[in-house]
Amino acid sequence: MLNPESGLIIWQTIITILVLFVLGKFAWKPILGALKTREDSIAEALQAAEKAKEEMANLKAENEQIIREAREERDQIIQSASKAANEIKEKAKEEASEIGKKMIEDAKASIESEKNAALRDIKDQVAELSLQVTEKLLRKNLEGDKAQKQLLDSYIDELKLN
């Protein structure tokens, strides 16, 4: 077994105290300062990360709000466009209906005009035929002078009566 001598223990204690004193005087302050600086920089980095995290959360909330507003605006635009399209469609239907009614009325008026013209032509032709038939009948009936004299006498008698 090892038995250390008392002198060795004293010297080792003195050297250890000296080493601790020298380290305390020259090494620990810079090491502790470096550790403190490192600790501060880590704390600042954590604060910056936390701040960045909060900003990201705020930006995300803002983006979601912007997206929500854009969707609402899109929906309003679609509704407005749909409403305008329906109004245009209804207006076009009404105009087409009005044009159709006008065309029907014009066609009816044209048909009525053509019908009246045809009736006038038929009346004129009937009158012409009637005159021709009457003329032929009178010529046949009044071929002689005697028949003509009788007709004149009857007209004269009628005039005297009136």
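Overview of results
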{"quantity": "Index of the failed condition, GLU143 passing every other in (1) part of a helix (DSSP H, G or I); (2) at pLDDT below 80; (3) of a type outside the set (Val, Ile, Thr)", "calculated": "(1)"}
{"quantity": "So LYS91, is it surrounded by 10 or more Cβ atoms within 10 Å (Cβ to Cβ), without any contact (Cβ under 8 Å) to a residue 12 or more places away in the chain and not hydroxyl-bearing (Ser, Thr, Tyr)", "calculated": "yes"}
{"quantity": "Test result for LYS123, at pLDDT below 95 and either surrounded by fewer than 10 Cβ atoms within 10 Å (Cβ to Cβ) or touching a helix residue (DSSP H, G or I) at 6+ places or on another chain (Cβ under 9 Å) (or both)", "calculated": "no"}
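The values are calculated or read from the model by the stated rules, or taken from the named source; none is laboratory data. What you see is a predicted model; the values in this text were computed from it and never measured. Positions of Cβ are backbone-derived with ideal geometry, glycine not excepted, and every protein chain shown enters the neighbour counts.
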